[in-house]
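Asker: Structure incoming, see below.
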Amino acid sequence: MRTIIISTGEELVCGRILDTNASYLAAELTRHGFQVERLTTVGDDPAIVRSEVLKAAQEGDLILISGGLGPTADDRTRQAIAEAAGRNLVEDPDSRRHVEDRLRSFGRTVTDRHLEQARFPRGAVVFANSCGTARGFACQVGKAWVVAMPGVPVEMVAMFSGSVLPFLMERLAPGWHVRGETVHIFPASESAVDERITDLTALGRNPSVGITVRDGIVSVSVLARAQVPSEAEALLRRDVEALRERFGHLAFGCGGATLASALSDELERRGLTVSVAESVTGGLIGHMLVDVPGISRFFLADVVAYSNEAKVQQLRVSRDELLRRGAVSAEVAESMARGICAATGSSLGLSTTGVAGPTGGTRERPVGLVFVGICLEGCARAVGLDLRGDRWQIKDRAAKHALNVARLALIQGVDWPELDRTI
């Protein structure tokens, strides 16, 4: 089932807002066995929309359009689709009542322009809108089905999941079952990951395997297709297990997993707690941890000790050590980790100290130099990092490395042979 997705709106073409509808639709359609061939974004000019619909109808079997169904002057999608289908727009009485009732419930006066939302190409299938006034519809242009939905993301998502997808699966069932999974890897470079899985990323292979990178984390997506669900699942599991075997502990989780949730899982598995002492990351590690539901069972405290005096007063770092070694040093990172354990009674202490830049770097301590300290059951160690990027990127990478170092420390024990490992 060849599928094309069209997003309309001058605000998308001009870059004023991000098009989240297309990515959502592509992911959902792919997950349900449809073959998405391209995504297209056009403005509000009805002639361009009509032309794009006619072109897509020649190339694909299904076209999904979002945007341009509202009551304002720039909402021209319904007219463009009607012209492409060679059908007149006719009023749907139930949709008219829907528009009137919804607007009057808000104390609004109903105008003729509002009622344009109740008009659809003759013979179209109409989809309810539980979140707004503009209902969607489906009609045929040539042999292709065209489905139009509102552009407001919350309305589009509710309409697609509640009405459009069931319609598509009933009328246009693709005949393929799709199973997908994404494996997250850290720390690693995209090219290094690619070198290890070239056999899995061959063009035309089933499952299809692709690599993306976001904020320093490499994600490998596996998508398996088969006519029998169990076969698709078996193909998927085979590749996911191959990825786990090839990357070992660098593969920290799948799907919605984060480094913070992976650390939380390890803490729960062992019945341990963690406290954090942050300097260079300024509370970012704690922020990432509290994004994990239920983390309060394991996360005791986060102390942001940015100044030397705070390190002395709150974490018991010695003034002599700060003078001799400097705040950005392995020794101070270890002392901070020990100090937070002593102050909170946690099983695991985690610390960061470094130079985020863009100023403050020296030859001995350049911008991007970060030390992560770990104290596990009284044994402390520090890991040095040489990070690149702007101030935010250095802080973000430092926080992620800290979470990962803590995770590996729990997995590897006091020897920690893989703490410095990367690819």
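Asker: Given the conditions (1) touching a Ser or Thr at 6+ places or on another chain (Cβ under 9 Å); (2) assigned by TED's automatic domain parsing to the domain that holds D92; (3) surrounded by fewer than 22 Cβ atoms within 10 Å (Cβ to Cβ), which single one is not true for S208?
Answerer: (2)
Asker: Only strands (runs of 3 or more DSSP E) wholly contained in region 326-394 count here; list those with 2 or more residues that are buried (at least 24 other Cβ atoms within 10 Å of the Cβ). Full working, then the answer.
Answerer: Values: elements: 348-354, 369-376, 379-386.
Here the list reads 348-354, 369-376.
Asker: Shifting gears a bit: Looking at region 123-144, which of the residues that are touching an Asp or Glu at 6+ places or on another chain (Cβ under 7 Å) and assigned to a strand (DSSP E or B) is nearest to L62 (Cα to Cα)?
Answerer: Among those that are touching an Asp or Glu at 6+ places or on another chain (Cβ under 7 Å) and assigned to a strand (DSSP E or B), it is A144.
Asker: So, one more: What are the residue pairs meeting all of these: first residue in region 378-396, first residue in contact (Cβ under 8 Å) with a residue 60 or more places away in the chain and outside the structural domain of L408 (by TED's automatic domain parsing), second residue buried (at least 20 other Cβ atoms within 10 Å of the Cβ) and among the charged types (D, E, K, R), Cβ atoms under 9 Å, and 6 or more apart or on different chains?
Answerer: Here the result reads none, with nothing in region 378-396 linked to a residue that is buried (at least 20 other Cβ atoms within 10 Å of the Cβ) and among the charged types (D, E, K, R).
Asker: Please state which one of L103, L29 is over 28 Å from P174 (Cβ atoms), aliphatic (A, V, I, L, M) and assigned by TED's automatic domain parsing to the domain that holds G151.
Answerer: Answer to the check: L103.
Asker: Hey, another quick one. Going by the structure shown, is S51 crowded, with 22+ Cβ neighbours inside 10 Å, among the polar types (S, T, N, Q) and within 28 Å of L18 (Cα to Cα)? Can you show your working first?
Answerer: On the way: crowded, with 22+ Cβ neighbours inside 10 Å: no; among the polar types (S, T, N, Q): yes; within 28 Å of L18 (Cα to Cα): yes.
Here the answer is no, as S51 does not meet what is asked.
Asker: Restricting to region 271-313, give me the number of residues that are within 27 Å of V218 (Cβ to Cβ) and not in a loop (DSSP other than H, G, I, E, B).
Answerer: Number of matching residues: 12.
Asker: Pick from R179, R237, R171, R244: which is under 30 Å from A124 (Cα atoms) and either surrounded by fewer than 16 Cβ atoms within 10 Å (Cβ to Cβ) or touching a Pro at 6+ places or on another chain (Cβ under 8 Å) (or both)?
Answerer: Step by step, each of R179, R237, R171, R244 is checked, and only R171 is under 30 Å from A124 (Cα atoms) and either surrounded by fewer than 16 Cβ atoms within 10 Å (Cβ to Cβ) or touching a Pro at 6+ places or on another chain (Cβ under 8 Å) (or both).
Asker: Report, by residue number, each residue of region 81-91 that is assigned to a loop (DSSP other than H, G, I, E, B) and either surrounded by fewer than 17 Cβ atoms within 10 Å (Cβ to Cβ) or not assigned by TED's automatic domain parsing to the domain that holds P150 (or both).
Answerer: G86, N88
Asker: Restricting the search to region 55-80, which residues are in a helix (DSSP H, G or I), surrounded by 18 or more Cβ atoms within 10 Å (Cβ to Cβ) and in contact (Cβ under 8 Å) with a residue 40 or more places away in the chain? Give the derivation first.
Answerer: As a first pass, look at region 55-80 and keep what is in a helix (DSSP H, G or I): 55-59, 77-80.
Checking the rest, the ones that are also surrounded by 18 or more Cβ atoms within 10 Å (Cβ to Cβ) come to 56-57, 77-78, 80.
Answer for region 55-80, where residues must be in a helix (DSSP H, G or I), surrounded by 18 or more Cβ atoms within 10 Å (Cβ to Cβ) and in contact (Cβ under 8 Å) with a residue 40 or more places away in the chain: A56, A57, T77, R78.
Asker: Restricting to region 102-118, what's the tally of residues that are over 24 Å from P166 (Cβ atoms) and either acidic (D, E) or surrounded by 12 or more Cβ atoms within 10 Å (Cβ to Cβ) (or both)?
Answerer: Looking only at that region, the number is 8.
Asker: For G175, are the conditions met, namely being in a strand (DSSP E or B) and under 16 Å from Q35 (Cβ atoms)?
Answerer: no
Asker: Looking at region 35-46, I want the residues that are closer than 25 Å to G175 by Cα and have a partner that is surrounded by 15 or more Cβ atoms within 10 Å (Cβ to Cβ) and basic (K, R) with Cβ atoms under 7 Å, at least 6 apart or on another chain. Which pairs are those?
Answerer: Sorted first by the residue in region 35-46, then by its partner, the pairs are Q35/R2; E37/R2.
Asker: Determine if region 228-247 includes at least one residue that is touching a helix residue (DSSP H, G or I) at 6+ places or on another chain (Cβ under 8 Å) and not in a helix (DSSP H, G or I).
Answerer: no
Asker: Now for a different question. Which of the following residues is of a type in the set (A, V, I, L, M), surrounded by 13 or more Cβ atoms within 10 Å (Cβ to Cβ) and part of a helix (DSSP H, G or I): V218, V193? Even if it seems obvious, please write down each step before you answer.
Answerer: Details: V218 fails: part of a helix (DSSP H, G or I).
Just one listed residue meets the conditions, V193.
Asker: Something else: Need pairs with beta-carbon distance below 6 Å; first residue in contact (Cβ under 8 Å) with a residue 12 or more places away in the chain and under 23 Å from G60 (Cα atoms) and within region 4-21, second of a type in the set (S, T, N, Q) and not in a strand (DSSP E or B); sequence gap 6+ or separate chains.
Answerer: Listed by first residue and then by second, the contacts come to S7/N21; T8/T77.
Asker: Taking the condition more than 16 Å from G286 (Cβ to Cβ) and modelled with pLDDT under 95, does R381 pass?
Answerer: Yes.
Residue-wise test of (1) out of contact with any Leu (no Cβ under 8 Å at 6 or more places or on another chain); (2) of a type in the set (K, R).
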{"site": "Y306", "(1), (2)": "yes, no"}
{"site": "R325", "(1), (2)": "yes, yes"}
{"site": "S329", "(1), (2)": "yes, no"}
{"site": "A343", "(1), (2)": "no, no"}
{"site": "S346", "(1), (2)": "no, no"}
{"site": "T352", "(1), (2)": "yes, no"}
{"site": "G373", "(1), (2)": "no, no"}
{"site": "G378", "(1), (2)": "yes, no"}
{"site": "L385", "(1), (2)": "no, no"}
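The values are calculated or read from the model by the stated rules, or taken from the named source; none is laboratory data. What you see is a predicted model, and the numbers here were worked out from it, not measured in a lab. No Cβ is skipped: glycine too gets one built from the backbone with ideal geometry, and neighbour counts run over all protein chains shown.
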